[in-house]
Amino acid sequence: MAATEAKSAAINPLLAAALALPGILPAAALAQSMPDQGIFSVNYLDYRDWQPGADRMSVKSPSFYVLAPFADKWTFEGSVVYDAMSGASPLYFNTLSGASGTGITEYRTAGDAKVTRYFDRYSIGVGGAYSHERDYISRAGSLDVRWWTADHNTTFAFGFAGNADYIHPADRELDNGRRHTLDFLAGVTQNLSPVDIVQSNITYSTGHGYYSDPYKLLDTRPDERRIWAWLTRYNHRFVQPDATLQLGYRYLNDSFGGDSHAFDVAWVQSLPGNVTLTPSFRYYTQGAADFFFGPPFPQGFQFGQSFTADTRLSAFGAMTAGIKVAKVFADGWGINLSFDFYRQRSGWRAFGAGSDGIEAFSARWINAGVSKAF
Amino acid sequence: MRRILIVALAIACAGCATVTPVKPWEKGELARPSMQFDNDRLEAKYTEHIYQSKEMASGGHGVGGGGCGCN
Amino acid sequence: MGGDNELLLGGADHPEAIAARAIDDVMRIERKYSRYRDDSVTTAINRAAGGDPVAIDAETAALLDYAQTCHQQSGGRFDLTSGVLRTVWDFNRNPPARPDAAALRAARECIGWHDVEWDARRIRLPRAGMQVDFGGIGKEYAADRVASIAADAGARHGCVNLGGDVRVWGGRPDGSAWRVGIRHPRAPDAAMAGVDLHDGAVATSGDYERFVDIDGRRYCHVIDALTGEPVDAWRSISVAAPLAIVAGSYATIAMLLAGDAGPFIDRAALRWLGVDADGAVHGTIE
């Protein structure tokens with residue numbers, strides 16, 4: 001419905017009166033919170049990363065997703081992903097394992113499922129997730145409650161999840177390789193106008209257990225971690241050019257020491273033939289963990305205190321540029337193809353200095369997907 | 001820091017109350033997939049996973065996904 | 001219900017079953033509010049004019065509420081009780097002639113929506129000879145009901161045309177908008193303009209549907225309840241609105257408001273196209 005034809009009852013009294021007529025609008029126009037269509041999709045992700053002079057990880061990952069409404073007020077949602085990872089990962093900073101850096105081959109299988117029951121003004125969902133690789137098992141359970149106003153313009157969400165992870169590296173025994181995490185989410189989604197919608201979520205995660213990376217040459221991390229994050233997303237529809245602007249910002253505070261900010265922008269442009277083209281850009285900046293020490297390795301290490309030389313906990317900025325093209329067909333089939341390029345540099349950090357002496361890290365991923373609505 | 005976050009969410013909720021409600025017949029544009037936040041769940045999952053394994057931060061989007069021992 | 005009728009559905013596995021349910025409701029509304037059927041609500045109300053109140057259901061009460069809003073918005077020119085003028089403005093008489101002055105005066109005595117006594121459960125026409133006529137809103141209401149029933153039953157795309165009033169939803173199955181043509185008032189087979197809609201309706205009120213030409217002057221079926229005379233400022237007015245009943249009422253009331261038609265529709269921020277008595281085109285539709 002074009003924005004020019006959508007007006008409020010104050011200036012259109014006949015429209016206000018007409019809405020009192022029984023059954024004048026389809027029920028779907030009024031009750032939008034439950035999806036009325038199912039969807040099944042298959043994706044294939046090809047990921048590769050590298051640092052100057054050396055390739056690192058390569059991951060090939062098929063995945064499946066299904067969302068199915070059933071029994072009138074229920075939905076089932078589930079996904080399965082299979083990662084085949086190979087390549088080298090760093091022992092410390094950017095020094096790769098293995099003489100030629102060929103590294104390891106790993107497989108990971110993960111799945112999750114969620115069942116949601118919809119009521120008139122609220123919904124309750126219960127889910128579980130399981131992830132398995134040779135040296136790592138993770139199990140999670142979650143509860144998700146949403147409730148909305150009668151006009152469906154405001155939705156409140158509350159989520160709670162618990163994770164139990166078990167790490168058992170191949171080459172040694174860990175007597176403390178367990179980790180337990182509790183996550184909480186509180187959020188609100190609000191329609192601001194016929195062409196604006198905003199969502200804001202606060203999450204809090206608290207965990208204790210084993211956080212170190214057993215494959216790093218020297219890595220001891222605290223056995224507790226608390227994370228606060230605030231994510232706000234905003235979409236605006238431009239009706240005339242037939243496009244949507246998507247913006248997002250996330251602030252995160254980590255007890256490991258590093259604050260981070262992430263900015264996302266995407267432009268979803270509709271083209272003739274039910275095609276959409278979506279260029280996107282992300283800028284990310286993080287501060288270093290309190291126990292991160294830069295080169296030379298192992299300076300800063302003190303027995304009995306936390307230490308890491310993992311560049312993922314250094315101070316850096318990162319940018320991602322991506323482009324996605326998708327097409328939808330009349331019978332519910334859809335296809336999409338996307339390409340993203342990512343680079344991490346200590347010099348790109350904002351709000352502070354990046355960690356010295358860390359080389360740049362780059363990655364690219366290509367994703368192809370097919371979906372069917374039913 | 002915690003106080004700032006709670007206040008931010010409260011402001012977001014209070015601000016919602018003063019917004020002019022969108023009428024049912026005006027929701028055509030909002031129903032478009034590109035305007036919905038949880039639209040492409042599979043894409044969101046693998047994107048989150050990639051950033052989680054290459055950056056320190058994780059969180060804000062949802063709860064309850066499984067973890068991984070990513071390097 | 002005369003004129004061309006058409007129903008297009010898309011996006012459903014069994015469109016025939018959905019179409020049958022939608023058409024059933026059109027027939028139900030036609031039977032319920034027909035002036036000519038002995039068992040209709042309209043006949044029951046009219047037969048009791050000057051007597052006891054008649055019980056009505058929620059649907060009829062809502063239509064009366066809607067007619068009340070039309071009456072207010074038109075300054076009294078739209079009047080559900082003005083159908084009695086049909087008996088004196090006889091477009092089938094041969095040779096065509098104006099009504100007799102005394103007959104017209106007597107008929108105007110029977111008009112008076114503000115005198116009608118009604119609430120959510122009952123209605124009473126206070127004077128014998130008064131009658132209600134849902135013809136001005138019933139057809140467009142049925143078109144909206146078709147869209148609502150079909151969409152709820154799973155037809156994600158659709159276009160229904162009932163006698164020239166068109167209601168669309170969901171866009172075309174290929175994603176493009178429905179293109180609704182607006183007929184030229186003096187060249188009925190030619191479209192003078194089109195409106196692209198994904199969801200919404202286009203309705204037209206014109207002087208070419210039922211009319212007589214007497215001494216070079218056209219008298220049409222859109223009659224001003226305050227004067228008892230057909231209006232003649234416009235040849236046709238078409239309005240695009242989210243619902244067919246709203247589009248139809250704005251078009252009819254605009255015809256009744258003559259010179260104030262444009263500002264009246266513009267205040268509601270709806271798009272419209274009108275051809276005035278001199279053939280000049282006005283409005284916000286290209």
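The values are calculated or read from the model by the stated rules, or taken from the named source; none is laboratory data. Everything numeric here is computed off the predicted structure, so don't read it as measured data. So basically every Cβ, Gly included, is an ideal-geometry build from the backbone, and we count neighbours across all protein chains shown.
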Yes/no for A:Thr189 being β-branched (Val, Ile, Thr) and crowded, with 16+ Cβ neighbours inside 10 Å: yes
First in region A:187-208 and over 16 Å from B:Lys23 (Cα atoms) and at the interface with chain B (Cβ under 7 Å from one of its Cβ atoms), second anywhere and assigned to a strand (DSSP E or B) and of a type in the set (Asp, Glu), Cβ under 9 Å, 6 or more apart: A:Thr203/A:Asp183; A:Ser205/A:Asp183
Of the criteria (1) more than 30 Å from B:Pro33 (Cβ to Cβ); (2) not in a loop (DSSP other than H, G, I, E, B), which one A:Tyr283 fails: (1)
Residues of region C:10-37 classified as over 20 Å from the mean Cα position of the chain (by Cα) and of a type in the set (Val, Ile, Thr), total: 1
Unique match (being loosely packed, with under 14 Cβ neighbours inside 10 Å and among the charged types (D, E, K, R)) among A:Asp331, A:Asp340: A:Asp331
Boolean, C:Pro263 is out of contact with any strand residue (DSSP E or B) (no Cβ under 6 Å at 6 or more places or on another chain) and part of a strand (DSSP E or B): no
Filter result (of a type in the set (A, V, I, L, M) and within 15 Å of C:Gly228 (Cβ to Cβ)) within region C:64-103: C:Val84, C:Leu85, C:Val88, C:Ala101, C:Ala102, C:Ala103
Top-ranked residue in region A:134-151 [being at the interface with chain B (Cβ under 8 Å from one of its Cβ atoms) and modelled with pLDDT under 90; ranked as farthest from the chain's Cα centre (by Cα)]: A:Asp151
Residues located in region C:33-44, provided they are over 15 Å from C:Thr81 (Cβ atoms) and either outside any helix (DSSP H, G or I) or touching a Cys at 6+ places or on another chain (Cβ under 7 Å) (or both): C:Ser34, C:Tyr36, C:Arg37, C:Asp38, C:Asp39, C:Ser40
For C:Arg127: the one exception among (1) in contact with a helix residue (DSSP H, G or I) (Cβ under 8 Å, 6 or more places away or on another chain); (2) crowded, with 19+ Cβ neighbours inside 10 Å: (2)
Subset tally (residues that are over 16 Å from B:Lys54 (Cβ atoms) and at pLDDT 85 or above) for region A:53-99: 23
Cβ-Cβ under 8 Å pairs, at least 6 apart or on other chains, region A:260-273 side in contact (Cβ under 8 Å) with a residue 24 or more places away in the chain, far side surrounded by fewer than 18 Cβ atoms within 10 Å (Cβ to Cβ) and among the charged types (D, E, K, R): A:Gln269/A:Asp242; A:Ser270/A:Asp242; A:Gly273/A:Lys327
Lone unmet requirement of (1) of a type outside the set (Val, Ile, Thr); (2) over 30 Å from C:Arg172 (Cα atoms); (3) in contact (Cβ under 8 Å) with a residue 40 or more places away in the chain; (4) assigned to a strand (DSSP E or B) for A:Ala288: (4)
In region C:65-122, the residues that are within 14 Å of chain A (Cβ to nearest Cβ) and in contact (Cβ under 8 Å) with a residue 60 or more places away in the chain: C:Tyr66, C:Ala67, C:Cys70, C:Gln73, C:Ser74, C:Gly75, C:Phe78, C:Ala120
Top-ranked residue in region A:257-293 [being within 9 Å of another protein chain (Cβ to nearest Cβ) and surrounded by fewer than 15 Cβ atoms within 10 Å (Cβ to Cβ); ranked as nearest to A:Val195 (Cα to Cα)]: A:Pro272
Scope region A:338-374; condition within 18 Å of the chain's Cα centre (by Cα), closer than 30 Å to C:Pro173 by Cα and not small (Gly, Ala, Ser); matching residues: A:Phe339, A:Asn367
Residue within region C:146-166 that is free of Cβ contacts under 8 Å to residues at least 40 places away in the same chain and either closer than 24 Å to C:Ala49 by Cβ or away from every other protein chain (no Cβ under 14 Å) (or both) present: no
Unique residue being more than 10 Å from chain B (Cβ to nearest Cβ) and buried (at least 17 other Cβ atoms within 10 Å of the Cβ) when the list is A:Asp219, A:Asp254, A:Asp213, A:Asp223: A:Asp219
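Residues are listed down the side, and each one gets a yes or a no for (1) over 24 Å from A:Phe256 (Cα atoms); (2) part of a strand (DSSP E or B):
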site: A:Thr278; (1), (2): yes, yes
site: A:Gly294; (1), (2): no, no
site: A:Gly300; (1), (2): no, no
site: A:Thr320; (1), (2): yes, yes
site: A:Val325; (1), (2): yes, yes
site: A:Asp331; (1), (2): yes, no
site: A:Arg343; (1), (2): no, yes
site: A:Gly352; (1), (2): no, no
Hits in region C:42-73 (condition: over 18 Å from the mean Cα position of the chain (by Cα) and either under 19 Å from A:Pro22 (Cα atoms) or of a type in the set (Lys, Arg) (or both)): C:Arg47, C:Ala55, C:Ile56, C:Asp57, C:Ala58
Filter pass, A:Gly209 being among the small types (Gly, Ala, Ser), modelled with pLDDT under 95 and within 25 Å of the chain's Cα centre (by Cα): yes
Counted residues, region A:217-256 - those being in contact with a Lys or Arg (Cβ under 9 Å, 6 or more places away or on another chain) and either aromatic (Phe, Trp, Tyr) or in contact (Cβ under 8 Å) with a residue 60 or more places away in the chain (or both): 4
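Rundown of residues vs (1) modelled with pLDDT under 90; (2) surrounded by fewer than 17 Cβ atoms within 10 Å (Cβ to Cβ); (3) part of a helix (DSSP H, G or I), yes/no style:
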| site | (1), (2), (3) |
| --- | --- |
| C:Leu7 | no, no, no |
| C:Arg21 | yes, yes, yes |
| C:Asn46 | no, no, yes |
| C:Asp65 | no, yes, yes |
| C:Asp79 | no, no, no |
| C:Phe91 | yes, yes, no |
| C:Arg108 | no, no, yes |
Matching residues, region A:66-98, being touching a strand residue (DSSP E or B) at 6+ places or on another chain (Cβ under 7 Å), within 18 Å of A:Ser362 (Cβ to Cβ) and not in a loop (DSSP other than H, G, I, E, B): A:Met85, A:Ser86, A:Gly87, A:Pro90, A:Leu96
Selected residue [away from chain A (no Cβ under 14 Å), at pLDDT below 95 and either outside any helix (DSSP H, G or I) or surrounded by fewer than 24 Cβ atoms within 10 Å (Cβ to Cβ) (or both)] from C:Arg179, C:Arg183, C:Arg172: C:Arg183
Residues that are assigned to a strand (DSSP E or B) and of a type in the set (Val, Ile, Thr), drawn from region C:136-169: C:Val160, C:Val166, C:Val168
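For (1) without any contact (Cβ under 8 Å) to a residue 60 or more places away in the chain; (2) crowded, with 24+ Cβ neighbours inside 10 Å; (3) under 16 Å from the mean Cα position of the chain (by Cα), each residue gets a yes or a no:
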| position | (1), (2), (3) |
| --- | --- |
| C:Val212 | no, no, no |
| C:Val231 | yes, no, yes |
| C:Ala244 | no, yes, yes |
| C:Ala258 | yes, no, no |
